[in-house]
Amino acid sequence: MRPWSAARLAALGGAQVLHGAPAGPVRAVIDSRSVEPGDLFVGLPGERVDGGAFAAAALEAGAWGVLVAPGHVRGLPAGRGAVLAAHEPLGALHALARAWRRELGAAVIAVTGSVGKTSTKELIAAMVRRHRTVVASRANFNTEIGLPLELLGAPPGTEVLVLELAMRGFGQIAELAAICEPDVGVITNIAPVHLEKVGSLEGVARAKGELLGGLRAGATAVLPAGEARLDPWLTAGLERVTFGPGGDVDWAPGEDGRVVVAQGERLALELPFTQRHNLTNALAAVAAARAAGVRPEGRVDVAFGALRGERVALDDGVVLINDCYNANPLSMRAALDDLALQEPAGRRVAVLGDMLELGPQEVEHHREVGAHAGRAGVEVLVTVGRRAAVMAEVYDGEVHAVEDAAEAARIVSGLLRPGDLVLVKGSRGVGLEVVAAALAGKAGG
């Protein structure tokens, strides 16, 4: 945003300039505590606190300027920086982000889906980075507030933007797509997530399918092969590319995840993982990179975020798979399938917590995961939470049901034997990182 003057910012954001400032801001921030010289502080109203009340503190901290509702401009120190007033600061932030996206002229790849969108985003960025200047959104900067901040933080010269879009209900993906105007839209999958908000898998497809409605004519939609629930949301004029078994982009037979066949072209990849769900994410990433004009091949240097399948070596040959960032039925089954492919020296142990926001079918979903744990060769199951407790009803093996993560942390280390492989996974609200931390801390002690 550095080339934009205060007057230009106001015109683009539908604001009024009360005080100007030379040059333009480096980035936009919404937390006055993180303000650095050159920042534009945007004071957003919240449920408990109105950020506009901290405008003076932002200017005192050296902000280039502030963008706040008119009610917060009175009494701001004159001459400390630009002061812009907008009746809807969040709407102004959206407009500025959209304008900067257009000025950059970068190709925008937007990624959503029930499971794997963060990993797929990271894979796309890693594949593109060898060929283009790329910016990928940071973890959790995928909402109506985080997304525009990531767009505005992209420096001049950025050639490809890879952005994650999250949703909690209907209308949110459409809102995000209207801000970032994607050239490529990726939907990783449709799975039972946020069912309390959208009601059914068809509702999930409708909510995720809003991304397709936000694509311009001629844009590319990257979709899982055989996912018919997305068909009603495909609009005319889109280039459709499918990935996975039977799709336009798939793994070459017999190549064990080393060679991709993408619309007839063979591409050799070196990936630092073997999990089947991430191999599928890699196919989506290949399709997206090709749609952005990049031919991905060779080594893919990618590191997924914390708590997403991290393998940690503990004492006595015990290996922890820390996958407690989040969970839903599809990701639970994928993690258990990966566990089944491992050959530990000891036993397969699974610490599985509640899956949240599943709506009226939550009991059925938890029972199915319990049955799947048995099929995956889990020899010791620890369920955490009242919802997860029903897994024990269909699991035939050693089982321990506990009420919360703190209790699980107390008992799990005592259950483990040398050489065990232990998976820890549950919805973030269950807090199973406490269990993983306790195990890791015991090893470190």
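Bear in mind that the values in this text are calculations on the coordinates, not laboratory data. Just so it is clear, the model here is predicted, and its values are computed rather than measured. Cβ sites come from the backbone with ideal geometry, for glycine too, and all protein chains shown count toward neighbours.
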Simple Cβ-charge dipole of region 105-299, Lys/Arg +1 and Asp/Glu -1, about Cα centre, in debye nearest 20: 260 debye
Separation of region 156-183 and region 359-376 by C-alpha centroid, Å? 33 Å
Test item: Cα-centred dipole of the chain, Lys/Arg +1 and Asp/Glu -1 on Cβ, debye: 1120 debye
Calculated FRET efficiency, Arg266 and Glu60, Cβ-Cβ r, R0 51 Å, to nearest 0.05? 0.30
Please compute the Cα-Cα pair-distance distribution of region 310-444 with 5 Å bins starting at 0, giving whole percents from short to long. 2, 12, 24, 27, 21, 10, 3, 1, 0
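Rounded, prolate or oblate: which one fits the chain, using the alpha carbon gyration tensor with axes a ≥ b ≥ c (rounded when a/c is under 1.5, else prolate when a/b beats b/c, else oblate)?
On the way: a/c = 2.03, a/b = 1.49, b/c = 1.36.
In terms of gyration-tensor shape, prolate.
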Select from Ser427, Ser200, Ser34 the residue whose mean-square fluctuation is largest in a Gaussian network model of the chain (Cα-Cα springs shorter than 10 Å). Ser34
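Taking R0 as 51 Å, what FRET efficiency do you get between Arg130 and Leu201 from their Cβ-Cβ distance, rounded to the nearest 0.05?
Numbers: r = 37 Å, r/R0 = 0.72.
Once the sixth-power term is evaluated, E becomes 0.90.
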At q = 0.30 Å⁻¹, what log₁₀ I(q)/I(0) does a Debye calculation on the Cα points of region 85-140 give, no solvent, two decimals? -1.17
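As a test of the formula, what do you get for the chain when each DSSP H run with n ≥ 4 contributes -39,500 (n - 2.57) and the sum is divided by the residue count, at 222 nm and rounded to the nearest 500 deg cm²/dmol? Numbers along the way, then the final one.
Numbers: 13 runs with 143 residues, N = 445.
Taking each H run of at least 4 residues, the total per residue is -9500 deg cm²/dmol.
By the gyration tensor of its Cα atoms, with a ≥ b ≥ c the square roots of the eigenvalues, what is the shape of region 384-423: rounded for a/c under 1.5, prolate for a/b over b/c, or oblate? Provide the component values of the computation, followed by the final result.
Values: a/c = 2.56, a/b = 1.28, b/c = 2.00.
Because a/c hits 1.5 or more and a/b fails to exceed b/c, region 384-423 counts as oblate.
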Once the Cβ-Cβ distance between Glu368 and Glu88 is put in as r, and R0 is 35 Å, what FRET efficiency do you end up with, to the nearest 0.05? 0.20
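Going from the alpha-carbon gyration tensor of region 105-299, what semi-axes, largest first and in whole Å, does one get by taking the root of 5 times each eigenvalue? Please report the intermediate quantities before stating the final value.
Details: eigenvalues 113, 83, 45 Å².
Working through the eigenvalues yields semi-axes of 24, 20, 15 Å.
Shape of region 6-91 from its Cα gyration tensor (a ≥ b ≥ c, root eigenvalues): rounded if a/c is under 1.5, otherwise prolate when a/b > b/c, or oblate? Don't jump to the answer; show the numbers that get you there.
Working: a/c = 1.37, a/b = 1.11, b/c = 1.24.
It is rounded, given that a/c, with a ≥ b ≥ c, falls under 1.5.
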